[in-house]
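**Student:** Supplied in C-alpha cells, the structure appears directly below.
What follows draws every value from the coordinates through simple rules; no lab data is involved. The structure displayed is predicted, hence computed values, not measured ones. Positions of Cβ are generated from backbone atoms using ideal geometry, with glycine treated the same way; all protein chains shown enter the neighbour counts.
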Amino acid sequence: MTRATSRGLAGRFALAAGLLGALGATAQTAEPLHTCFLYSNPIGESGWTYQHELARKELVAAMGNRITTKYVENIAEGPDAERVIRNFVQEGCKLIFTPSFGFMEPTLKVARTAPKVIFMNGTGYKTAANVGVYNARYFEGRYLEGVIAGAMSKSGTVGYVGAFPIPEVLQGVNAFAQGMRSVNPKAQLRLVWVNAWYDPGKERDAANALVKLGVDTLAYATSGVSIVTTGEEKGIYTLGYYSDMSRFGPKTHLTSVVQNWGGYYIKVVEDVLAGRWKSESVMGGLREGMIRMAPLNAAVPAELREKVARLEKDIAEGRLHPFAGPVLDQEGKVRVPAGQTISAADLANMNYLVQGVEGLLPKP
C-alpha cells in the first residue's frame, strides 16, 4: 500500500501521525489469513490427498490475497502429524485443515495448546471450541456403484479392497452391497483388507488375489491407482473412489465416486474472515455437492444409465436412503427394521457387515 505523508507545516504532523496509525490498524485487520493443510498421502495424480489439493488450489483462486496457504504432504498419522501441526502453529497458521481420520487426536492435542487457532479435521468425530469436523456421505455414491456392479457383473461375484475397518469404510462396503443386491439379490461381495490408505503394492496384490477368487468386478476404499490399472490389464470392471479414475482404466473403469471439497473450504475461510465461524460437525453428500458421480463408461447400457440417474436424484432429494430397512448383518440380525431408516448414531458407529458380504472384520 502506498502511503502519502505530509512534510509541510508543523501543525499537520499530529494529523499525519493519526492517519498513519489508522492505516496501520487497517493493514493489520486486512492481514491475509494464513491457512495450512496437512496431507496423509503424497498428492499424486488422483485419490484422497489429490482431491484436497485441488480444493486448496480452488480456494486460493477464489480468495486471492485475502489468504496465504501452505501444505505438507505424506505425513503418517500419529506423532509425526502432531509435530507438523505444532510447526504450523509456530509458523503463524490461523486456520489448519487436517483431512484424515488418524489426524483427529493429534489435532485435538495441539488445539488445546493453541486456543486462538481454528482447526478443521476431516472425517473425525470429536470437536472442541476451536476444532470443527467435516465429512461426507460417501455411502450414497457407493450405493450407486453397487447398483452398477450388480447389473454389470456376469458372475454376480464382485471384489472389494478395504482400507481400515472404521465406520466410514464399513458404510461404503455395506452400501455397495445393498446397491448390488437391490439389482441381483444373489450377488456376493468378496472383501479383503489391506490395512492401509495408500500402498500400491498391497492394493495390486489384493486385486490379483480377488481376481483369482473369481470376481469379475472390483471396487476399493484405498487411494492408489493399482486396482484400476489391474482391472484394465485383466479386462475386469472397476468402480473408483476419491477421483475420476477413468483415465487409468478407459476401457474397464465404469465410474467413480468423486469428492469435491473446494466449495466447502471456501465457505469455511469466508466464515473465519467474517468472524462467524463456529465449531460444528458437517456432513455433506450428493445434495450438497461434496460428492458426485463421474461420467459413466460407454460400456454401461442406456437402460442402466437411466436407472442410475433416477436413483441418484432420489438419494439427493431424500426419497431413497441406502440404509432403509430391512438391513440385516452377516449373521441375519436385523440392524435396521423394515419401514425405518438407519439412525445417525448407528451410521456413525457402524461396526458390522451386511448380508451379501463375504469377509470378516479384523479383530481389535
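**Student:** Go through the stretch 286-350 and name the GluC sites (Glu not before Pro) that are in a DSSP coil and have 11 or fewer other Cβ atoms within 10 Å of their Cβ.
**Tutor:** Within the stretch 286-350, the qualifying GluC sites (Glu not before Pro) (loop, at most 11 other Cβ atoms within 10 Å) are 317, 331.
**Student:** Where is the GNM fluctuation largest for the chain (alpha-carbon springs, 10 angstrom cutoff): 65, 297, 208?
**Tutor:** So, out of 65, 297, 208, the one fluctuating most is 65.
**Student:** Over all distinct alpha-carbon pairs, what is the Kirkwood Rh of the chain in angstrom?
**Tutor:** Across the chain, the inverse of the average 1/r is 22.1 Å.
**Student:** Continuing with this model, one more query. Checking the a/c ratio against 1.5 first, then a/b against b/c, what shape does the Cα gyration tensor give for the stretch 235-357?
**Tutor:** Oblate, since a/c reaches 1.5 and b/c is not below a/b.
**Student:** Now for a different question. Can you give the angle from 0 to 90° between the axis of helix 13-29 and the longest principal axis of the chain, with both taken from C-alpha atoms, to the nearest 10?
**Tutor:** With rounding to tens, the tilt is 10 degrees.
**Student:** Please list the non-local residues whose amide H lies under 5 Å from the amide H of residue 282, H modeled 1.01 Å from N, same-chain partners needing a gap of 5 or more.
**Tutor:** Close amide H contacts, sequence-distant or interchain: 133, 134, 135.
**Student:** What longest range of the chain stays clear of loop-exposed trypsin sites (Lys or Arg not before Pro) (DSSP non-H/G/I/E/B, at most 16 other C-beta within 10 angstrom)?
**Tutor:** 8-111
**Student:** Right, something else. Enter the Cα centre distance for the pair the stretch 123-190 and the stretch 244-287, rounded to the nearest angstrom.
**Tutor:** 17
**Student:** Let me check I've understood the local charge: for residue 79, count other residues with C-beta under 15 angstrom from its C-beta, Lys and Arg +1, Asp and Glu -1. What total comes out?
**Tutor:** -1
**Student:** Further, regarding this structure: Based solely on its DSSP helices, what 222 nm [θ] is calculated for the chain when runs of n ≥ 4 H residues each add -39,500 (n - 2.57) and the sum is averaged over all residues, nearest 500 deg cm²/dmol?
**Tutor:** Mean residue ellipticity, 222 nm, calculated: -12000 deg cm²/dmol.
**Student:** Would you mind ranking 155, 256, 246 by Cβ crowding within 10 Å, fewest neighbours first?
**Tutor:** The most exposed by this proxy come first: 155, 246, 256.
**Student:** With charges only on Cβ, +1 for K and R and -1 for D and E, what is the dipole size of the chain about its Cα centre, in debye, rounded to 20?
**Tutor:** It works out to roughly 780 debye.
**Student:** Another question, if that's okay. Which lysines have a Cα lying under 26 Å from the Cα of residue 70, excluding residues fewer than 8 positions away in the same chain?
**Tutor:** Result set, ordered by chain and number: 57, 94, 109, 116, 126, 267, 278.
**Student:** Note the angle between two axes, namely the Cα long axis of helix 79-90 and the longest principal axis of the Cα atoms of the chain, as a number of degrees from 0 to 90, rounded to the nearest 10.
**Tutor:** Relative to the chain, helix 79-90 is tipped by roughly 30 degrees.
**Student:** At 7 Å along Cα-to-Cβ for each site, give me the label-to-label distance between residue 33 and residue 358 in nm.
**Tutor:** Here the answer is 5.1 nm between the modelled labels.
**Student:** Treating cross-link reach as a plain straight distance, find the lysines whose alpha-carbon is under 18 Å from the alpha-carbon of residue 212, omitting any fewer than eight places away in the same chain.
**Tutor:** In chain and number order, the partners are 154, 202, 234.
**Student:** Let me ask something else. Just the projected area, averaged over all directions, of the convex hull on the alpha carbon atoms of the stretch 32-136: how many nm²?
**Tutor:** Across all orientations, the stretch 32-136 yields a mean hull projection of 6.2 nm².
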